[in-house]
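Working notes, structure below.
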Amino acid sequence: IRVGDTWHLFASRWPAEDKMKGWFRSHVIRATSSSLFGPYQFQEVVLHPSKHPWATQAVHNPKVMKVDNRYLIYHLGIPVWQTGFAWAESIEGPWTPVAKPVLATNNPSIWRKPDGSAYAVGKFKPKPTRDGDWDAYMHAFEASTIDGPYRLIGGPGNRLPGNFELEDPTVWHADGLYNVLCTDWESKATGIRKSVVHYTSANGIDYDLVSQVPVWSQTDPVPLAGGGSFRVAGLERPQVVLGDDGQPLALLVSVYPEVKESEPTFIIIRPMALPTPADPRP
C-alpha cells in the first residue's frame, strides 16, 4: 500500500532454517520502499502469534488496505484456520487484532465495495474428495460492512467452473466484473500446476476462466531490467496492486528459487496489464 511517497509491504516471515514447513509458525512483518518495485527494507514485526488472541500458532497470508481513516490487515490465523483483522490508526501501528475471526475461510481475499459493503472469496476443502487428493474449491461471501458478519453466497458448491481448483486467490472489481487471480491447484485449468490463472464473474457467484494460458507460471523465465532473465521453481500467493483507476498495476508473487529449498523464498513484483475476457490473449 502507498502512504504518501512510501510503499509499505506486509508479508509473512519465518526462520529460513525451517524452510517451507516454517509457515505453520509465521508472523507478519512490514518493509518499505520509495518504489513499488523495490527494493524493500525491513522495518518491524507487525503481528506475532506470541501476542495474538486467536492466531496463537501463526499469523499468515496478510493483506493490507485502508478503510476510511484507519488501516486494516486481514490474515489467516492458525490453529483456527479462519480469517480475521487487525486495525491501526497509522500504517506504522500499533495494530490491534479483533477478538475473534470474522470469516470462516482460509486463503482469504476481500474487496470493499464503494457503498462500504464487502465481498470475499476463499478456499474450502469438500469431503469426500473427487480424485483422492484433497480438493481446493472456492467459496464467495458478502457482508454489509467489512467488519462482518460474512454470509456464504451462491450455495455450498464450487464457484469456479469445471470443478477447477485454486489456492491463494486475490479479488478486485473493475469494468463491471469481479476478477480473481489465483494459482491452479491441480493444473486442471492450465495444465501447469500452481500457475497463476485469471477468472471473472458478472455476479460474484458464477465464474468463468478467461484463458487456459496462464497469466504467469514457473515455466516462464523472469525478465530482468537491463536484460537477461532467471528461472524459478514455483509460485505462491499472487496478489494484485491496483492503480488509482482501479486497474491492475502490479502482480506480487512469492517464488521458490530455481533449486527449490536451496535458499529462502522471496517476492517478485512485476508490472502487469491483464487481457479482457473479450480478448483472452496472454
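So, in nm, how far is label SER262 from label GLN41 when the simple model puts each one 7 Å beyond its Cα toward the Cβ?
3.0 nm
FRET efficiency for TRP134 and ASP5, Cβ-Cβ distance as r, R0 = 35 Å, nearest 0.05?
0.20
What percent do you get for the relative contact order of the chain when only Cα pairs under 8 Å and 6+ apart count?
In percent, rounded to a whole number, it is 9.
Computed from these coordinates, which is Cα extents along the principal axes in Å: (i) 55, 44, 33; (ii) 72, 46, 43; (iii) 47, 43, 41?
Matching entry in (i) 55, 44, 33; (ii) 72, 46, 43; (iii) 47, 43, 41: (iii).
Let me know the shape class of the range 3-101, please: from the alpha-carbon gyration tensor, a ≥ b ≥ c as square roots of the eigenvalues, rounded when a/c is under 1.5, otherwise prolate if a/b is greater than b/c, or oblate.
oblate
Can you tell me which aspartates and glutamates have their Cα less than 16 Å from the Cα of LYS194? Leave out same-chain residues fewer than eight positions away.
ASP133, ASP135, GLU165, GLU167, ASP168, ASP184, GLU186, ASP220, GLU236, GLU258
Cβ under 11 Å from ALA11's Cβ, ALA11 left aside: what net charge do those residues give with Lys, Arg +1 and Asp, Glu -1?
+4
Please calculate the 1.4 Å probe accessible area of ASP68, with all protein chains present, and give it to the nearest 10 Å².
100 Å²
At 1.4 Å probe size, with every protein chain present, just tell me what the per residue accessible area of the range 94-188 comes to in Å².
Counting only protein heavy atoms, the per-residue value for the range 94-188 is 42 Å².
What length, rounded to one decimal in nm, is gained on full extension from PHE24 through to THR56, with 0.36 nm per residue of separation minus their alpha-carbon distance?
10.5 nm
The values are calculated or read from the model by the stated rules, or taken from the named source; none is laboratory data. These figures come from a predicted structure and were not determined experimentally. Cβ: placed from backbone, ideal geometry, glycine included. Neighbour counts: every protein chain shown. Ligands, DNA and RNA are stripped out before the accessible areas are found, and what is left, the full protein with its side chains, is counted by its heavy atoms. Shrake-Rupley method; radii C 1.70, N 1.55, O 1.52, S 1.80 Å.
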